[in-house]
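A.B. asks: Here's a structure for you.
Derivation of every value follows stated rules applied to the coordinates shown; laboratory data play no part. All figures in this text were calculated on a predicted structure; none of them were measured in a lab. Glycine also receives a Cβ, built like all others from the backbone with ideal geometry; neighbour counts cover every protein chain displayed.
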Amino acid sequence: MESKYYKLTLARIGKQENWAGWKIAGKSENTPSQIMESFESFHGSKNHVVSYLNKPVEMYEVSEYRGNLFVSQIRFGIKDMLGRPSFSVKGIVFPISDNSDIYLHPERFLSLSEDDFSFSLKKLYGENRALKQEYVTGNNVITIHDNELSFSRDLSLDKIITKYFSDEQKLECFIRSILWAGNNNQTTLCIKVPKGFIEYFEIMYLVYSVLPLSMRSRFSFRTYNLRNLSGAKITFDEGTPNGKYYDLSSGNNNVFLDSNVLANSRKLSFIKYIIENIHSSSSSDYFEALQDSLESVGQANSTDLNTIELAHNMLLSSDDESDSELTDIEILKKFQEYVSLDYTNEVIDENIVKYLSLIIQKGIPLNETLMNRLESKLKSTKYDPLIELGYDYKATKLLEATDKQKSFEFLLSIENDVETYNKYIKAILGFVKGPSFLDEYYGVFYADRCVKNIDDLCAFYEKTKQLPERIIINKRIYETAYRFSMKCVELMLEKHIEFDYHKHISLLNDKLGLSSSSRAITDEMKKCYWNEFDFCKFDFNRIVDYLTYLPYENWQFNLIKGINAIVDELSSQKPETIKRFNSYIRGQIIRGVNLSLDEQDFLRKEFQRYCLIHSNKSYSLDYWLEVAKLFSIQQYIRFIFHNRITVFTDPDVFESEFLMSRLYENRTLDDGSMIMFKSFCDSFLDYIDKHGQYDEVGRVLVKILNNDRNIHSSSKYDREVETENECQESKTDTGIRGLINKSKEGFKGILPGKKKKHMKNGKHGQ
């Protein structure tokens with residue numbers, strides 16, 4: 001196949017003309033602009049060499065850049081028309097797109113001779129260094145090169161090997177050095193070789209001939225080792241080179257100073273194959289087939305030696321029948337080759353499946369490294385047979401592990417990787433022992449570490465509800481739900497909490513799957529709650545809590561319902577309401593009420609407090625009288641004044657409320673009412689007399705009593721008439737008692753007699 005190429009010259013032309021400068025000064029006719037731009041860009045970067053390289057240097061360079069292969073002659077140490085240091089480049093460009101198999105046949109660009117670089121630029125200036133007239137306008141200053149090349153060099157691989165290598169050992173070392181360089185992206189290998197165009201291109205040809213095709217495009221050559229100029233994979237030097245080198249004459253090198261490097265190289269069978277078949281006429285066929293193998297695994301441009309080794313093994317591997325004859329070590333080695341690749345495709349995955357199947361079939365154990373690599377491969381692959389087989393295998397190892405705890409720990413460690421985790425669960429369930437294994441994993445190990453509250457428990461149920469075996473799981477859910485429920489009971493007894501009985505049942509049934517046992521839990525909650533319920537801690541503000549938390553048909557619950565009805569009636573402030581409260585706590589209304597005396601006293605006292613807060617103190621004297629007598633009938637008058645019950649302590653309110661009260665209206669109804677009235681009046685006035693307060697209220701009561709006496713002077717309650725002396729005596733007394741008859745019978749028999757107490761200005765005398 002004939003090569004397609006272009007000739008280009010890059011140089012500084014002109015002096016100070018408007019067209020002068022650094023540019024493509026010569027080209028083949030119809031050279032594409034993209035090729036010229038890439039050529040100028042690639043070689044223009046060498047301009048900095050001019051600043052330190054003053055001596056004339058001619059070197060050749062072979063390199064690929066932007067889809068073009070450049071074979072260039074570069075000259076340093078020259079001067080431009082103004083006498084400034086400069087350099088020039090003559091190049092032959094082979095577009096890769098037009099020369100698709102050029103690397104398979106490197107002779108197509110390496111069989112050039114020195115004469116092929118003899119093309120030159122036209123002379124723009126005469127002998128007197130004056131610009132020729134035809135170029136004044138700048139037209140036609142670019143030289144159009146002919147497109148002729150001889151390709152006259154005869155490159156014979158066998159002859160080259162014979163010329164430079166006296167024995168096979170030196171050749172082997174050379175080839176391994178070249179391939180080592182190809183696998184190290186940042187490394188340049190310097191080859192010590194006698195100076196000469198022929199030698200340079202012969203060695204280049206040898207290098208290309210031993211390289212896999214995927215590597216060839218990545219190799220670049222420079223026949224002079226310029227400092228501060230990177231980009232070449234191979235450089236040539238006559239002297240003692242710096243860095244990594246190979247001496248072509250002696251075979252000496254520093255590539256394999258580390259014995260491990262050489263040992264790793266010798267493990268690669270494709271290098272051995274290249275060395276052993278270098279003289280074969282079919283070597284080109286091998287490299288083509290090797291490239292096809294690389295392409296089949298999606299690594300057409302790989303320079304990684306392990307990847308190339310894999311492609312080589314795939315290429316040389318025979319049918320499945322021979323694979324079955326492999327030793328355990330050989331199977332592991334092949335499995336390792338495929339599973340260790342950091343990329344994947346169907347071909348690679350097929351081979352992983354093939355060798356993993358053999359591993360499972362023969363019971364070959366995998367070390368931790370290979371297991372981890374298999375795990376990584378399973379995460380990246382989309383190949384279903386590998387996914388199924390891989391997870392089945394790993395699931396088997398989890399099930400068979402002697403230390404079940406480690407298997408559990410592994411599962412928990414990958415839980416956040418949902419996709420991988422679910423694949424493991426699915427694989428485990430495919431085995432007979434799988435359901436019981438997962439039942440124990442979730443019911444014991446997982447629950448211990450992940451279920452901390454009721455929300456976790458709900459998530460736990462949701463996560464496990466589809467598992468086929470849930471004996472341990474169900475037990476764990478029940479026990480945890482029971483403890484949570486009993487904790488709720490504990491909190492209900494101690495303080496107000498947000499608790500909805502019906503929502504709790506729904507939680508147990510729907511979100512925890514306990515429909516068959518939720519009744520047992522709620523019954524136990526009720527039993528515990530009401531057995532522990534203490535009426536000595538009763539809070540009237542929590543009545544709604546008591547009635548809604550855990551409804552239960554027992555005397556405590558029914559008593560609280562009765563109390564709640566009483567509370568609802570308080571707004572009417574009827575004395576019957578207070579009396580009925582007493583009847584409730586005494587067990588006179590609801591059967592079975594069994595309150596201790598302490599509980600009764602506590603409830604009465606707390607009910608008093610509740611009434612003080614929630615009832616109107618300005619009306620219903622009879623109501624407040626019942627409230628006052630509720631806890632301590634001996635101290636009810638004190639309760640009235642201590643709590644400033646307005647119907648008693650405000651003279652105006654007291655007078656109207658007293659006259660409308662049943663206490664007053666029923667005073668003559670019967671003996672009991674009379675005694676109650678007399679007792680109230682006496683105790684009321686006695687408290688005022690003793691404490692020296694609320695004199696105005698006392699005077700109101702005295703006024704009412706006086707009026708009442710006058711009205712009923714002939715009644716059965718006025719059995720004695722106050723004598724003139726007694727009236728005169730009362731006028732001399734001070735205070736409220738001075739207004740009252742202190743006779744033996746008391747105030748006209750309505751109030752019991754009392755010893756006189758002298759008061760001054762409504763208070764006790766000193």
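A.B. asks: Subtract the Cα-Cα distance of residue 114 and residue 531 from 0.36 nm times their separation in residues, and report this length gain in nm to one decimal.
C.D. replies: Working: separation 417, 0.36 × 417 = 150.12 nm, distance 11.13 nm.
Separation in residues times 0.36 nm, less the Cα-Cα distance, equals 139.0 nm.
A.B. asks: Using the Karplus equation 6.51 cos²θ - 1.76 cosθ + 1.60 (θ = phi - 60°), what ³J(HN,Hα) coupling, rounded to whole Hz, does each residue of the range 148-162 give in order, writing x for Gly and Pro?
C.D. replies: Result, rounded to whole Hz: 10, 9, 7, 6, 8, 6, 9, 9, 10, 4, 4, 5, 4, 4, 5.
A.B. asks: When the helix-only estimate is applied to the chain (DSSP H runs of n ≥ 4, each -39,500 (n - 2.57), divided by the residue count), what is the mean residue ellipticity at 222 nm, nearest 500 deg cm²/dmol? Write down the numbers at each step before the final one.
C.D. replies: Values: 35 runs with 384 residues, N = 766.
After summing the helix terms and dividing by the residues of the chain, the value is -15000 deg cm²/dmol.
A.B. asks: Same structure again: I need the phi-derived Karplus couplings for the range 173-178: 6.51 cos²θ - 1.76 cosθ + 1.60, θ = phi - 60°, integer Hz, Gly and Pro marked x.
C.D. replies: 4, 4, 4, 5, 5, 4
A.B. asks: Got a sec? Charge dipole of the chain, +1 on Cβ for Lys and Arg, -1 for Asp and Glu; which of 528, 293, 147 is way out at the positive end?
C.D. replies: Value: 528.
A.B. asks: I've got another one for you. Filter the GluC sites (Glu not before Pro) in the range 176-275 to those in DSSP coil with at most 15 other Cβ atoms within 10 Å of their Cβ, and list the result.
C.D. replies: Working: sites: 199, 202, 238; in loops: 238.
In loop regions of the range 176-275 (DSSP not H, G, I, E or B), the sparsely surrounded GluC sites (Glu not before Pro) are 238.
A.B. asks: Rounded to the nearest 20 debye, what is the charge dipole size of the chain about its Cα centre when +1 sits on each Lys and Arg Cβ and -1 on each Asp and Glu Cβ? Mind showing how you got there, number by number?
C.D. replies: Numbers: 99 positive and 110 negative charges, 725 e Å.
It works out to roughly 3480 debye.
A.B. asks: Quick check: the distance between the Cα centres of the range 577-651 and the range 450-470, to the nearest angstrom?
C.D. replies: First find each Cα centre; the distance between them is then 53 Å.
A.B. asks: A further question on this structure: Compute the helix-to-body angle for 33-44: its Cα long axis versus the longest principal axis of the chain, expressed 0 to 90° and rounded to tens.
C.D. replies: Around 90 degrees separate the two axes.
A.B. asks: Rank these for me by crowding, 626, 29, 498, going from fewest to most other beta carbons within 10 Å. Before the final figure, lay out each step's value.
C.D. replies: Working: 626 21, 29 10, 498 7.
Least to most surrounded, the residues fall as 498, 29, 626.
A.B. asks: Something else now. Could you tell me what % of all Cα pairs in the chain have separations over 39 Å?
C.D. replies: Working: 197417 of 292995 pairs.
So the pairs more than 39 Å apart make up 67 percent of the total in the chain.
A.B. asks: May I ask you to derive the FRET efficiency for residue 148 and residue 333 from their Cβ-Cβ distance with R0 = 41 Å, giving the value to the nearest 0.05?
C.D. replies: Details: r = 54 Å, r/R0 = 1.31.
Efficiency, from the Cβ-Cβ distance: 0.15.
A.B. asks: Just to confirm my numbers, what's the Cα centroid distance between the range 161-202 and the range 360-374 in Å?
C.D. replies: Between the Cα centres of the range 161-202 and the range 360-374 lies a distance of 40 Å.
A.B. asks: Which of 477, 556, 390 sits farthest toward the positive end of the charge dipole of the chain, with +1 on the Cβ of Lys and Arg and -1 on the Cβ of Asp and Glu?
C.D. replies: Of the candidates, 556 comes out farthest on the positive side.
A.B. asks: Moving on. Taking the Cα centre of the range 6-145 as origin, sum charge times position over the Cβ atoms of Lys and Arg (+1) and Asp and Glu (-1), and report the length of that vector in debye to the nearest 20. It would help to have the intermediate numbers written out before the result.
C.D. replies: Details: 17 positive and 16 negative charges, 149 e Å.
That gives the range 6-145 a dipole magnitude of about 720 debye.
A.B. asks: What's the FRET efficiency of residue 340 with residue 486 using the Cβ-Cβ distance as r and R₀ = 56 Å, to the nearest 0.05?
C.D. replies: Computed FRET efficiency for residue 340 and residue 486 comes out at 0.50.
A.B. asks: Now for a separate question. Given contacts defined as C-alpha pairs under 8 Å and at least six residues apart, what's the relative contact order of the chain, whole-number percent?
C.D. replies: 5 percent
A.B. asks: Between the helical axis of 404-413 and the dominant principal axis of the chain, each derived from Cα atoms, what acute angle in degrees is found, rounded to the nearest 10?
C.D. replies: For 404-413 against the chain, the angle is about 90 degrees.
A.B. asks: Here's a follow-up. Compute the angle between helix 575-585 and the longest alpha-carbon principal axis of the chain, please, reported from 0 to 90 degrees and rounded to the nearest 10.
C.D. replies: That works out to roughly 70 degrees.
A.B. asks: Can I ask one more? Only four residue types carry charge here, +1 at the Cβ of Lys and Arg and -1 at the Cβ of Asp and Glu. Report the dipole size of the range 155-298 about the Cα centre in Debye, rounded to the nearest 20.
C.D. replies: Numbers: 15 positive and 15 negative charges, 98 e Å.
Roughly 460 debye for the range 155-298.
A.B. asks: Something else now. So if we plug the beta-carbon distance of residue 500 and residue 644 into 1/(1 + (r/R0)^6) with R0 = 30 Å, what FRET efficiency do we get, rounded to 0.05?
C.D. replies: Numbers: r = 41 Å, r/R0 = 1.37.
E between residue 500 and residue 644, to the nearest 0.05, is 0.15.
A.B. asks: Under a 5 Å amide H to amide H cut-off, with H placed in plane at 1.01 Å, what residues pair with residue 145 once short-range neighbours are removed?
C.D. replies: Amide H to amide H, under 5 Å and 5 or more residues apart or across chains, residue 145 pairs with 27, 28, 29.
A.B. asks: Then there is this: Work out how much length residue 284 to residue 466 would gain on full extension: take 0.36 nm times their residue separation and subtract the Cα-Cα distance, in nm to one decimal.
C.D. replies: Details: separation 182, 0.36 × 182 = 65.52 nm, distance 5.99 nm.
Residue separation times 0.36 nm, minus the Cα-Cα distance, leaves 59.5 nm.
A.B. asks: For a footprinting-style exposure proxy, rank 6, 135 by other Cβ within 10 Å, fewest first.
C.D. replies: Details: 6 22, 135 18.
Listed from fewest to most nearby Cβ atoms, that is 135, 6.
A.B. asks: Label point 7 Å out from residue 227 along Cα-to-Cβ: which residues of the range 27-51 have amide N under 16 Å?
C.D. replies: Hits in the range 27-51 for residue 227 at 16 Å: 48-51.
A.B. asks: DSSP beta bridges in the chain, what fraction antiparallel, as a percent rounded to 5? Show your work: numbers first, answer last.
C.D. replies: Values: 37 of 49 bridges.
So the antiparallel bridges amount to about 75 percent of the total.
A.B. asks: How far apart, in nm, are two points set 7 Å out from the Cα along the Cα-to-Cβ line at residue 16 and at residue 79?
C.D. replies: 1.7 nm
A.B. asks: Semi-axes of the equivalent ellipsoid for the range 68-181, please: Cα gyration tensor eigenvalues, times 5, square-rooted, ordered largest first, whole Å. Before the final figure, lay out each step's value.
C.D. replies: Details: eigenvalues 323, 64, 36 Å².
Semi-axes from the Cα gyration tensor: 40, 18, 14 Å.
A.B. asks: Next question, about the same structure. Under the 0.36 nm per residue contour assumption, what length would be gained going from the current alpha-carbon distance of residue 186 and residue 405 to full extension?
C.D. replies: Values: separation 219, 0.36 × 219 = 78.84 nm, distance 4.66 nm.
Extending this stretch completely gives an extra 74.2 nm.
A.B. asks: Over all alpha-carbon pairs of the range 434-532, lay out the pair-distance distribution in 5 Å bins, whole %, shortest bin first.
C.D. replies: Per 5 Å bin, starting at 0, the Cα pair percentages come out as 2, 13, 24, 23, 17, 11, 6, 3, 1, 0.
A.B. asks: Roughly how many whole Å is it from the C-alpha centroid of the range 652-702 to that of the range 206-268?
C.D. replies: What the calculation gives is 124 Å, centre to centre.
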